[in-house]
C-alpha cells in the first residue's frame, strides 16, 4: 500500500468551475445557467420595481457589453464579471439619513429604524 505525502496533493489544485455574475442581482451563476437566470431575474426586478413608491423606482438595468475577446477567442470573464458587478451595485439606493446603500425595497424597511446619530 502506497502512502501519499503532502507533495503528492500539492500539485493537484482544485479549481472552481467558472461563474458569471448577474448584472441585475449581483449573484454568481454557472456559465450554463446564467442564460436561464437573467430573464427570470429581470422579470422579478420589474415586478418588485412596479410595487415601489414612484420616487424609489429605478430605470431598467442594462446588460453591460464587453467586447474584449482574448487570444483564444473567448470573452474576458473577469472583465465581464466586473462590469456586471458594477451594474448590480449601481442599482443600490443610499439612505438619506445614514448614507448606507440598499436595494430600493429594503431601503423602506431600513428607514423605519434609521435614526440620525448624535455625536457624544
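Assorted remarks:
- Inter-label distance, residue 82 to residue 102: 3.1 nm, where each label sits 7 Å from its Cα along the C-beta direction.
- Radius ratio Rg over Rh of the range 17-91, counting only Cα atoms, Kirkwood formula for Rh: 1.03
- Peptides 77-88, 25-36, 48-59 ordered by packing proxy, namely the average of other Cβ atoms within 10 Å per residue, highest first: 77-88, 25-36, 48-59.
Every number here is computed from the coordinates shown, using simple stated rules; none is lab data. Keep in mind that what you see is a predicted model, and the values were worked out from it rather than measured. No Cβ is skipped: glycine too gets one built from the backbone with ideal geometry, and neighbour counts run over all protein chains shown.
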